[in-house]
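Each remark here refers to the structure printed beneath this line.
The values are calculated or read from the model by the stated rules, or taken from the named source; none is laboratory data. Bear in mind that the values here come from a model prediction, so they are computed numbers and not experimental data. Here the Cβ positions follow ideal geometry from the backbone for every residue, glycine too, while neighbour counts run over all protein chains shown.
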Amino acid sequence: MILTNCAACAAPLAHDAPRCRRCLTRYCSSTCRDDHWRRGHQQICGEIHLGGNAEQYNADRKYKEAVAVAVEACAADTAGQTCFICMDGPVEEGLVRGCSCRGAAGVAHVSCLARQAQVAVERGDWQNFVRWSKCGLCEQRYHGVVYCALGWACWKTYLGLAEEDWERRLAMTALGNGLFEAEHYEDALSVREAELAMTRRIGEPGDDRVILSNLANSYQKAGRLEDALSMTRDLYAGLKFGGAEDQETLISANNYAASLRDLNRFEEARSLLRETIPVAQRVVGEDSEITLQLKLKYAQSLYKDDGSTLDDLCEAVATLEETARIARRVLGGAHPSTTVIEASLQNSRATLRARETPSPAESA
Ligand SMILES: [Zn+2]
Ligand SMILES: [Zn+2]
Ligand SMILES: [Zn+2]
Ligand SMILES: [Zn+2]
């Protein structure tokens with residue numbers, strides 16, 4: 001369930017909360033249920049029931065909204081193009097593109113991308129689940145509102161399965177990621193909290209690690225910095241103990257560094273990154289998004305630090321120039337990581353210029 005609040009009073013719900021007998025809308029108490037019925041639920045209950053009951057009905061609606069937002073955001077990029085899957089234009093559903101494909105490649109209907117992912121998963125290999133989050137042509141992660149639309153598509157496809165099904169569990173993760181990518185941080189947070197509660201109820205020990213890491217990111221973006229820091233620190237310590245060279249450890253180091261940076265603990269961030277970046281370069285390579293993100297954090301913790309020397313600032317600018325070049329080549333100019341790296345490059349140059357130019361009082 002991702003409808004984790006009472007439909008009448010918005011109180012958080014236990015997983016076995018009372019439900020409307022017909023459409024399965026959930027409530028904190030039978031009082032709230034009866035109250036809601038009288039206040040208008042009786043008029044829409046039948047429609048929700050016919051739409052597959054509360055959770056499906058909600059997901060289908062959110063999906064339609066998210067597709068409309070994605071189509072609108074991609075309108076300029078997809079004008080005059082056709083879907084590479086069904087070869088049709090924007091007849092009933094508009095077109096999107098939210099990956100690193102260029103030219104005429106990668107333009108599609110969200111529903112076609114979703115069907116393609118669903119068919120790949122039906123072949124039975126759980127690794128094919130990646131088609132819900134990565135473009136099959138450029139192999140880069142979808143981003144922004146397109147990922148969000150696919151997240152809802154994924155969730156509405158699998159939500160009817162049993163909680164124990166791996167497709168359903170991965171779908172919840174995909175939805176949380178999509179909401180996060182589209183900057184709906186509060187919504188991402190509530191999906192991830194639901195996912196964590198479910199996993200702790202039915203999963204194996206250790207299953208909650210990735211969820212905790214995603215949850216920490218959502219805390220950070222929602223401004224709960226101390227919560228994010230203690231979570232990312234614990235996760236990093238645990239993973240590093242298990243294997244300092246695992247990709248998961250590198251990602252968790254990146255998250256921990258971001259938490260330190262956001263609390264202005266720059267020296268600690270830098271020493272963590274000095275240790276991690278060479279490992280990433282060796283294990284996942286110079287062109288990997290993980291390495292680019294680690295180098296970004298390193299440069300940021302140099303130029304954002306008021307105590308940095310002129311040499312430090314030059315190092316930050318040089319690091320970001322190189323990182324931006326790689327990001328543009330590998331991820332493309334429209335990718336969010338590229339955008340953040342380029343914005344940081346501008347900021348680092350501005351910081352350096354301000355330091356190099358003596359103030360009028362000094363030059364006088
Ligand atoms: Zn209630
Ligand atoms: Zn009902
Ligand atoms: Zn299509
Ligand atoms: Zn692509």
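Scanning the stretch 147-170 for residues that are at pLDDT below 95 and part of a helix (DSSP H, G or I) yields a count of 5.
Scanning the stretch 88-127 for residues that are touching a residue at least 40 places away in the same chain (Cβ under 8 Å) and either of a type in the set (Gly, Ala, Ser) or away from ligand 4 (no atom under 16 Å from the Cβ) (or both) returns Gly98, Ser100, Ser111, Ala114, Val121, Trp126. Applying the condition of being surrounded by fewer than 16 Cβ atoms within 10 Å (Cβ to Cβ) and in a helix (DSSP H, G or I) to the stretch 246-267 and asking which residue is nearest to the chain's Cα centre (by Cα) yields Glu248. The set of residues in the stretch 7-32 that are more than 28 Å from the chain's Cα centre (by Cα) and within 8 Å of ligand 1 (Cβ to nearest atom) comprises Ala8, Cys9, Tyr27, Cys28, Ser29, Thr31, Cys32.
Matching residues to (1) surrounded by fewer than 18 Cβ atoms within 10 Å (Cβ to Cβ); (2) not in a helix (DSSP H, G or I); (3) not assigned by TED's automatic domain parsing to the domain that holds Phe180:
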residue	(1), (2), (3)
Cys99	no, yes, no
Ala105	yes, yes, no
Ala114	no, no, no
Gln127	yes, no, no
Val145	no, no, no
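Can you find a residue that is touching a residue at least 12 places away in the same chain (Cβ under 8 Å) and among the polar types (S, T, N, Q) anywhere in the stretch 63-78? Yes, there is a match, as at least one residue in the stretch 63-78 is touching a residue at least 12 places away in the same chain (Cβ under 8 Å) and among the polar types (S, T, N, Q). From the list Cys45, Cys23, Cys32, Cys74, the one residue that fits, being surrounded by 13 or more Cβ atoms within 10 Å (Cβ to Cβ) and assigned to a loop (DSSP other than H, G, I, E, B), is Cys23.
Can you name the residue in the stretch 277-299 that is among the polar types (S, T, N, Q) and part of a helix (DSSP H, G or I) and, of all such residues, is farthest from Ala318 (Cα to Cα)? Walk me through how you get there before you give the answer.
Of the stretch 277-299, the ones among the polar types (S, T, N, Q) are 281, 288, 291, 293.
Retained after the next criterion (residues that are part of a helix (DSSP H, G or I)): 281, 291, 293.
Details: Gln281: 17, Thr291: 15, Gln293: 15 Å.
Applying the filter and picking the extreme gives Gln281.
For the stretch 188-215, a tally of residues being acidic (Asp, Glu) and under 22 Å from Thr339 (Cβ atoms) returns 0. Would you check if Cys101 is closer than 22 Å to Phe180 by Cα and more than 16 Å from ligand 2 (Cβ to nearest atom)? Judged against the criteria, Cys101 is a match.
Restricting attention to the stretch 77-92, the residues that are surrounded by 15 or more Cβ atoms within 10 Å (Cβ to Cβ) and touching a Ser or Thr at 6+ places or on another chain (Cβ under 6 Å) add up to 0.
When residues in the stretch 116-125 are screened for being in a helix (DSSP H, G or I) and surrounded by fewer than 19 Cβ atoms within 10 Å (Cβ to Cβ), 5 of them pass. In the stretch 20-51, of all residues being closer than 14 Å to Ala10 by Cα and touching a Phe, Trp or Tyr at 6+ places or on another chain (Cβ under 7 Å), the one that is nearest to ligand 4 (Cβ to nearest atom) corresponds to His36.
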